[in-house]
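Any read-out appearing in this document is the output of simple, stated calculations on the displayed coordinates, not a laboratory observation. Being a predicted model, the structure only gives us computed values, none of them experimental. So basically every Cβ, Gly included, is an ideal-geometry build from the backbone, and we count neighbours across all protein chains shown.
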Amino acid sequence: MKVLFKLWPCALFCWFAFLVAACSSNPSGHKPSTGKTNELLVVVNNETLHKGHVGSVISEFFGQILTGLPQPEKTFDVAFIYEPGFGQMFKTHHNIFIVDINASFDKPVIETHSDPVSYTHLTLPTIYSV
């Protein structure tokens, strides 16, 4: 009986350590996604796209007010970032929309991915293809 009382604190510590380890592990092996709810990170080539026609079209489309809610709320809070600043920190964001202007394309191309975060890559031949 005395041995049982001596092992009780050790068993309690082991159980607590197991519980902490189990709760902090990531079974999928993927990094957790970041960003606020309903936030869309838009990656553009340069400031001209953000401040010009492309940026205004994206902001208007994704910033529309949702219908059917008791108070006005936008579909997404749009945040722009320029491609040179799109580093590892932003690549785990919940929703990423990449807009690329590439004159070598004849028509717009849309690619979607979701591994582990969802992102859409839109390649346009000109800024007026929007």
Simple SL model, points at 7 angstrom along Cα→Cβ for E47 and D106; separation in nm is 3.7 nm
Quick calc: nm separation of the 7 Å Cα→Cβ label points for S114 and T67 -> 2.5 nm
